[in-house]
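Please treat every number below as a calculation from the coordinates, not as lab data. Note that the structure is predicted; figures quoted are calculated from it, not measured. For neighbour counting, all protein chains shown are included, and Cβ atoms are generated from backbone atoms with ideal geometry for every residue, glycine included.
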Amino acid sequence: MHSKLEEILTKAFKKLDYEIEAKVIKSKENNVDFQCDNLFGLAKEYHKAPFMIGEEVVDEIKKMDDFSLYFKSVEVAKPGFINMCVSDRFINDSLRNLMDKDMLGATLEDKTIVVDYGGPNVAKPLHVGHLRTAIIGQAIYNILKFKGNKVIGDVHLGDIGTQMGQVIYAILRDFPNHDFETINFDLDYLNKVYPEISALCKEDEEVKAKCLEITKELQDGDPNYKILWQKICDISIKDIKRLYDYLNVHFDLWYGEAIAYKQFPEMMPFIEKQGIIKEDDGAKIIDVSEKDDKVQIPPLILQKSDGAYLYATSDLGTIWQREKDFHPDNIIYVVDARQSMHFVQVFRAAKKAHIYEGSLEHYGNGTVNGPDNKPYKTRDGGALKLESLIEDVKNEFISLREENKNMAKEDLDKIVNAIIKFADLQNDLTKNYIFDIKKFSEVNGKTGSYILYSYLRINKLLFESDSKLSENIYNEADRSLRLKLLEVSMVIDQAAKERKPHYIAGYLYELAVTANNFYEVNKMSEASENEKNDYNIILSYNNFVLKTLLELLGIEIPKAM
Ligand code: ARG
């Protein structure tokens with residue numbers, strides 16, 4: 001519908017010798033469906049009053065033979081908008097057309113895209129800071145896949161950083177005189193020992209130096225440390241997987257920085273050959289500043305003077321590996337916005353070194369904040385474990401109603417997921433938000449529970465039928481729902497193009513509100529046979545759209561709530 005309207009307007013502009021691609025948006029005014037705001041721009045360019053141009057365009061459109069096929073009315077409004085009301089016939093034809101098409105009418109794409117989301121560090125438990133990248137990344141993954149792309153999700157574990165040296169240091173201390181093969185420890189041990197040593201390193205320079213030395217030797221391939229490293233990875237990754245599984249977050253690849261390190265023997269000589277490496281106090285650096293920079297972009301440090309590699313080097317190695325394995329068109333990173341500078345450096349270095357010619361995109365997510373509007377912390381100042389947050393939401397939801405206590409575990413988990421994810425995904429990914437458990441758990445309001453509840457309530461009314469949609473539109477509530485449904489393909493396309501799932505979340509809420517209103521006004525129980533058929537078709541399609549979009553956001557629907 002939308003693109004057809006733009007086509008009609010563009011044609012009219014062209015006939016009048018105005019060169020412009022018309023843009024049509026939904027109108028917020030009563031009794032107006034769509035509007036076009038292009039007149040102001042044209043007025044400047046052609047030195048005419050916007051209203052005058054508007055009158056010419058409206059006259060032109062009214063001359064169309066099939067005007068009444070598309071419109072109820074087209075008018076120019078002061079100071080310079082073209083207001084359009086579409087015909088019922090146009091609505092129904094478009095809706096039938098949409099329902100016949102797969103993929104909710106979204107356009108198709110055919111790219112190979114790597115999505116890098118997650119980025120947890122092995123040996124450390126997942127905390128609230130890991131929530132957004134996982135949820136947003138998975139939604140972007142789902143959306144791009146839905147659009148037909150070949151999408152590869154990579155968790156990109158931090159599995160070779162200093163925390164590994166610290167944990168190995170602790171193991172050597174706690175299991176002296178052991179054969180490396182026989183040393184045995186479990187997750188509880190890791191959870192206890194990592195914070196302990198990490199705190200110790202802040203106080204004790206000697207321990208810190210020792211841990212760094214172990215890290216370096218591990219990175220250089222020390223076979224004994226390698227054995228311990230593998231054990232740490234096995235235990236820790238199993239636990240990380242368990243939590244991601246709970247959140248319905250899945251990765252095609254469980255690669256880590258260690259895999260990037262394997263690329264260095266091939267990648268480093270290649271970069272050397274490009275002649276872009278400079279020496280700085282024994283370190284190898286790449287100058288990535290550009291003359292138009294508004295802020296200073298520091299050089300990327302490729303290798304320290306002691307030969308150690310850094311975070312940026314590992315990201316370059318990962319790009320090298322991805323290019324070799326998949327030759328992707330795009331590599332998308334969903335990583336905390338506070339790492340933006342890192343990605344500017346890495347992306348520029350990758351181009352400068354000719355490691356990768358495709359598109360590198362960082363979507364820097366905001367933080368999940370506590371009531372003080374600072375990144376969520378526990379009372380003792382540590383990061384809140386993801387598991388605790390999930391528990392808190394679960395308990396809050398259970399406490400809402402007596403019936404919730406006896407809910408099937410599977411359903412409860414789906415609802416907890418919906419609450420957490422919808423709370424997150426309704427915000428533009430770049431924004432921070434305050435995690436307000438009470439507000440997010442409520443069944444009324446812009447919440448996951450509300451959307452699920454709307455879906456389930458409508459689902460109870462639906463019946464099997466192969467009747468076709470009639471030409472009728474019964475009332476304003478009905479008309480609004482049909483128009484709302486017609487927006488779906490545009491919303492998906494926009495979310496995919498901008499990599500922003502919040503468009504879908506916002507639309508889901510509007511759709512649920514509109515459908516609930518339809519349901520209140522058009523009662524199935526009081527409807528005639530013909531009305532019932534039409535209501536059933538509209539509401540079935542509504543629920544199909546709700547369900548598909550929820551799936552794109554990684555939200556599953558419980559059997560009951
Ligand atoms: N492990 C990193 C951290 O905790 C995040 C990794 C993000 N992904 C990447 N390709 N750099 O900060």
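Could you work out [θ]222 nm for the chain from helices alone, using -39500 (n - 2.57) per DSSP H run of at least four and dividing by all its residues? Round to the nearest 500 deg cm²/dmol. Mind showing how you got there, number by number?
Numbers: 22 runs with 295 residues, N = 561.
So the calculated ellipticity at 222 nm is -17000 deg cm²/dmol.
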Take the alpha-carbon centre of region 495-521, take the same for region 169-189, and report the distance between them in whole Å. 53
Cα Rg over Rh - region 1-114, Kirkwood: 1.04
The answer for A22, listing residues at least 5 apart or on another chain whose modeled amide H is closer than 5 Å to its amide H, is T10
Over region 124-164 - Rg/Rh using Cα atoms and the Kirkwood inverse-distance radius: 1.10
Measure out, as a whole number of angstrom, how far apart the alpha-carbon centroids of region 1-63 and region 365-379 sit. 46
Taking 24 Å as the cut-off for C-alpha to C-alpha distance, list the pairs among K262/K304; K147/K460; K262/K385; K262/K497 that go past it. K147/K460; K262/K385; K262/K497
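Rounded to a whole number of µm²/s, how large is the Stokes-Einstein D of region 317-424 at 25 °C and 0.890 mPa s, given Rh as the Kirkwood radius over C-alpha pairs?
Translational D for this selection: 141 µm²/s.
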I need the semi-axes of the equivalent ellipsoid of region 106-221: take the C-alpha gyration tensor, multiply each eigenvalue by 5, square-root it, list largest first in whole angstrom. 38, 15, 13
Over the Cα atoms of the chain, each weighted equally, I'd like the Debye log10 I(q)/I(0) at q = 0.06, 0.07, 0.09, 0.11 Å⁻¹, rounded to two decimals. -0.41, -0.54, -0.83, -1.10
How much space per residue, in cubic angstrom, does the convex hull of the C-alpha atoms of region 200-343 take up? 188
Out of residues 5 or more away from G153 or on other chains, whose amide H comes under 5 Å of its own, with H placed 1.01 Å from N in the peptide plane? V115, D252, L253
Separation of alpha-carbon centers, region 199-278 and region 120-144, rounded to whole Å: 19
Under a no-solvent Debye model with one identical scatterer per Cα of region 69-151, what's log10 I(q)/I(0) at q = 0.15, 0.16 Å⁻¹? -0.78, -0.80
With loop defined by DSSP as not H, G, I, E or B, and exposure as at most 11 other Cβ atoms within 10 Å, which is the longest segment of the chain clear of exposed GluC sites (Glu not before Pro)? 30-289
Quick one: which of K145/K405; K210/K294; K72/K532 span more than 30 angstrom between C-alpha atoms? K145/K405; K210/K294
Using only the alpha carbons of region 517-561, determine the length spanned along each of the three principal axes and report them from longest to shortest in whole angstroms. 38, 20, 17
Set the bar at 24 Å for Cα to Cα. Now go through K124/K547; K101/K431; K241/K421 and name every pair that lies beyond it. K124/K547; K101/K431
Would you order M268, M341, M561 from fewest to most other beta-carbon atoms within 10 Å of each residue's own beta-carbon? M341, M268, M561
P(r) of region 401-486 in 10 Å steps, Cα pairs, percent per bin? 13, 33, 28, 21, 5
What ranking of V416, V58 emerges when the number of other C-beta atoms within 10 Å of each C-beta is taken as an exposure proxy, fewest first? V58, V416
Which percent of Cα pairs goes in each bin when the distances of region 502-542 are cut into 5 angstrom slices starting at zero? 5, 23, 25, 22, 12, 8, 4, 1
Share of pairwise Cα separations in region 466-526, more than 19 Å, in percent: 42
Tell me the Kirkwood radius of region 21-81: reciprocal of the mean inverse pair distance over distinct alpha-carbon atoms, in Å. 12.2
Can you tell me the equivalent ellipsoid semi-axes for region 193-283? Use √(5λ) from the Cα gyration tensor, largest first, whole Å. 29, 24, 13
